[in-house]
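So the structure is just underneath, and the comments pick up after that.
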Amino acid sequence: MKQLTYRLLLLVLLSTMTAWGNVEAKTVVVPKIYMFGFAASFNDTIVHFTDVQEVDSAWMNNRNGFLLGREFYSGQLRDYLRNKQQLMARTCVVMFSKSRSKAEKKLVKMRKLYTNSKDGKKHFDVRYLSESDFHFKAVDMNPLNDENGEATPRKKKNKR
């Protein structure tokens with residue numbers, strides 16, 4: 001009896017999650033966002049931060065503010081470090097906000113993680129990339145959308 005109850009609960013949970021997965025959000029172009037990049041490696045203690053930069057025409061999900069193409073923005077930083085600095089195997093991330101002040105607060109908070117230590121020792125070689133060294137380029141996500149500006153729906157699998 002107990003197992004039957006657990007199975008029914010699991011079935012209800014799975015069907016609810018499946019129903020939520022079919023909801024598609026509209027994508028919109030935001031005139032500008034502010035972002036900075038962070039790069040680190042598991043092979044050494046060098047970490048890189050970029051300045052907060054203004055990026056024009058970023059694509060976002062209007063329901064939750066999810067930045068589309070984040071992998072392309074982080075790829076730009078990774079490629080710059082690989083090609084210009086000869087630093088391989090970097091893990092790169094971008095942080096963003098619609099407000100410059102919020103992006104700068106995120107940058108300050110993240111920098112503190114790598115510059116301040118409880119024992120007073122420097123554990124990381126922190127390097128800064130100015131906007132004249134590296135600049136993010138806008139990523140056009142338009143080919144992924146249809147003529148109405150809505151996200152192209154995923155193909156649904158036929159259940160048999």
(request) Pick out, from VAL29, VAL139, MET95, the residue whose Cα sits farthest towards the positive end of the charge dipole of segment 27-143, with +1 on the Cβ of Lys and Arg and -1 on the Cβ of Asp and Glu. (result) MET95
(message) Could you give the length gained by full extension between PHE42 and PHE72, i.e. 0.36 nm per residue of separation minus their alpha carbon distance, to one decimal place?
(response) 8.7 nm
(request) Considering only DSSP beta bridges where both residues belong to segment 27-143, give the percentage that are antiparallel (nearest 5). (result) 80
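Hand me the trypsin sites (Lys or Arg not before Pro) from segment 101-141 located in a DSSP loop with no more than 14 other Cβ atoms within 10 Å, in residue order please. Please list the in-between numbers first.
Numbers: sites: LYS102, LYS105, LYS106, LYS109, ARG111, LYS112, LYS118, LYS121, LYS122, ARG127, LYS137; in loops: LYS118, LYS121, LYS122, LYS137.
Qualifying residues, ordered by number: LYS118, LYS121, LYS122, LYS137.
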(request) Treating only the Cβ atoms of Lys and Arg (+1) and Asp and Glu (-1) as charged, compute the dipole magnitude of segment 27-143 about its Cα centre; round to the nearest 20 debye. (result) 480
(message) In segment 27-143, if the dipole is taken from +1 on Lys/Arg beta carbons and -1 on Asp/Glu beta carbons about the Cα centre, which of ILE46, GLY75, SER130 is farthest to the positive end?
(response) ILE46
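Applying a 10 Å radius around every beta-carbon, put 88-94, 128-134 in order of their mean neighbour count, most first. Please list the in-between numbers first.
Details: 88-94: 16.7, 128-134: 13.1.
Sorting 88-94, 128-134 by mean packing, highest first, produces 88-94, 128-134.
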(request) Starting from segment 35-64, pick out the chymotrypsin sites (Phe, Trp or Tyr not before Pro) whose DSSP state is loop and whose Cβ has at most 15 other Cβ atoms within 10 Å. (result) PHE42
(request) Sticking with the crude label model, points 7 Å out along Cα→Cβ, report the distance from LYS32 to ARG100 in nm, one decimal please. (result) 0.7
(message) Taking a cut-off of 17 Å, what percent of all Cα-Cα pairs in segment 27-143 are separated by more than that?
(response) 56
(request) Pairs to check: LYS32/LYS84; LYS98/LYS118; LYS84/LYS118; LYS26/LYS84; LYS32/LYS118. Give those whose C-alpha atoms are more than 30 Å from each other in this structure. (result) LYS98/LYS118; LYS84/LYS118; LYS26/LYS84; LYS32/LYS118
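Rule-based calculations on the coordinates, nothing more; no lab input. The structure displayed is predicted, hence computed values, not measured ones. For neighbour counting, all protein chains shown are included, and Cβ atoms are generated from backbone atoms with ideal geometry for every residue, glycine included.
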